[in-house]
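Undergrad: Have a look at this one.
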């Protein structure tokens with residue numbers, strides 16, 4: 001058995017159904033996504049794209065900061081994936 005990363009998707013799946021999380025982490029079996037969930041994902045992507053577009057249109061008050069320097073209130077990181085060993089968020 002090969003190790004797989006514990007993703008945020010697996011954590012959410014476990015909160016909904018431990019068996020669903022097991023299938024995500026321990027099998028290659030892929031179920032079909034319910035149509036309602038596909039619609040929600042499409043709407044989420046559209047909202048994300050619109051939000052990023054609005055952020056890009058407004059002029060920044062100061063130049064971009066290095067990602068490691070998040071000490072200033074209002075700093076923003078988009079589409080970040082944090083990984084360490086077998087955990088991902």
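Undergrad: Run the simple label-point estimate for residue 20 and residue 85 please: 7 Å along Cα→C-beta, distance reported in nm.
TA: 2.7 nm
Undergrad: Could you please tell me the mean projected area of the C-alpha convex hull for the stretch 1-55, averaged over all directions and given in square nanometres to one decimal?
TA: Over every viewing direction, the Cα hull of the stretch 1-55 projects on average to 5.1 nm².
Readers should treat all values here as calculations from the given coordinates under stated rules, not as data from a laboratory. Computed from a predicted structure; not experimentally measured. Don't worry about glycine lacking a Cβ; one is built from the backbone with ideal geometry, like all the others, and counts go over all protein chains shown.
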